Amino acid sequence: MAHDQESLIRIKENGPYRVSGAGLLWMRPVMNDAGRPIGWDRGKPLDPGKSYALCRCGRSSNKPFCDGSHVEARFDGTETAERSAAAMRRRNFNGRGLVMTDVKKFCVHAGFCVSEKTDVWELVKKTEDPAARMELIRMIRSCPSGRLEYAEPPIDAPVEEKLPREIGIIENGPLYARGRIVLEGADRRPYERRNRVTLCRCGASKNKPFCDGTHTEIGFRD
């Protein structure tokens with residue numbers, strides 16, 4: 001099957017993510033004075049070469065890279081995520097001139113949807129206020145998993161900022177794949193191409209290959 005070979009994540013059966021044509025860097029959430037995440041800090045890029053393998057089982061001694069530990073651990077990397085398009089699963093929240101969409105299954109509990117004063121579900125009710133609208137859009141765009149998106153009627157397609165094709169390594173958390181990188185399953189079938197995706201690297205997600213926040217529950221560490 002032909003793909004944009006400039007940016008591809010290919011999942012190996014019970015093995016790593018094979019990546020080509022995408023940058024790699026560390027990323028961390030920026031916190032405000034109240035300890036709430038408000039954006040992303042792009043760290044220094046790594047230089048893994050044009051292609052590289054990233055650990056998916058969570059057991060590598062050379063994280064974020066694969067060292068073959070999945071073989072000894074008999075890692076079960078079976079992909080259980082739904083293949084249906086996000087549009088079929090979105091819940092709509094209507095504001096004035098803006099519709100926020102929510103696919104709860106993508107959630108990784110990154111916390112960008114909630115501030116110390118409000119949350120996106122309250123802000124979408126106040127989009128006639130320019131300040132509330134801007135704050136809502138900032139919070140939606142910061143969501144790494146793409147659970148939250150927004151559209152501006154009468155256009156139904158989500159409004160997405162152009163992101164570089166890169167993979168952010170979130171400390172003690174998932175991989176943040178940005179810029180509509182092709183994600184191909186172990187069966188060689190592509191997943192829906194999305195601008196923001198979080199991929200499990202602790203090995204314990206129940207929604208593989210996507211992160212479901214389990215890394216926090218099990219205390220995953222780099």
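Looking at P64, P29, can you tell me which residue is assigned by TED's automatic domain parsing to the domain that holds C202 and in contact with a Leu (Cβ under 6 Å, 6 or more places away or on another chain)?
On inspection, the qualifying residue turns out to be P64.
May I ask you to verify whether A34 is in contact with a strand residue (DSSP E or B) (Cβ under 8 Å, 6 or more places away or on another chain) and in the same structural domain as T214 (by TED's automatic domain parsing)?
Values: in contact with a strand residue (DSSP E or B) (Cβ under 8 Å, 6 or more places away or on another chain): no; in the same structural domain as T214 (by TED's automatic domain parsing): yes.
So A34 does not fit the description; no.
Kindly establish whether G173 is assigned by TED's automatic domain parsing to the domain that holds G21, crowded, with 18+ Cβ neighbours inside 10 Å, of a type in the set (G, A, S) and over 20 Å from G21 (Cβ atoms).
yes
Pairs, please: C-beta under 6 Å, at least 6 apart or cross-chain, first residue at positive phi and in the range 157-173, second surrounded by fewer than 20 Cβ atoms within 10 Å (Cβ to Cβ) and assigned to a loop (DSSP other than H, G, I, E, B)?
Note: pairs meeting the criteria are N172/F220; N172/R221; N172/D222.
Which of the residues spanning the range 47-95 are part of a loop (DSSP other than H, G, I, E, B) and among the hydroxyl-bearing types (S, T, Y)?
Step one: list which residues in the range 47-95 are part of a loop (DSSP other than H, G, I, E, B), which gives 47-50, 55-64, 66-68, 74-85, 89-90, 95.
Residues satisfying the conditions are S60, S61, T78, T80, S84.
Take the range 200-216 and flag every residue that is surrounded by 23 or more Cβ atoms within 10 Å (Cβ to Cβ) and not in a loop (DSSP other than H, G, I, E, B).
F210, H215
Only one residue in S7, S20, S51 is of a type in the set (S, T, N, Q), crowded, with 19+ Cβ neighbours inside 10 Å and either in contact with a Lys or Arg (Cβ under 9 Å, 6 or more places away or on another chain) or not assigned by TED's automatic domain parsing to the domain that holds P174 (or both), so which one is that?
Testing whether each residue is of a type in the set (S, T, N, Q), crowded, with 19+ Cβ neighbours inside 10 Å and either in contact with a Lys or Arg (Cβ under 9 Å, 6 or more places away or on another chain) or not assigned by TED's automatic domain parsing to the domain that holds P174 (or both) leaves just S7.
The values are calculated or read from the model by the stated rules, or taken from the named source; none is laboratory data. Please read all numbers here as calculations on a predicted model, not as lab measurements. Positions of Cβ are backbone-derived with ideal geometry, glycine not excepted, and every protein chain shown enters the neighbour counts.
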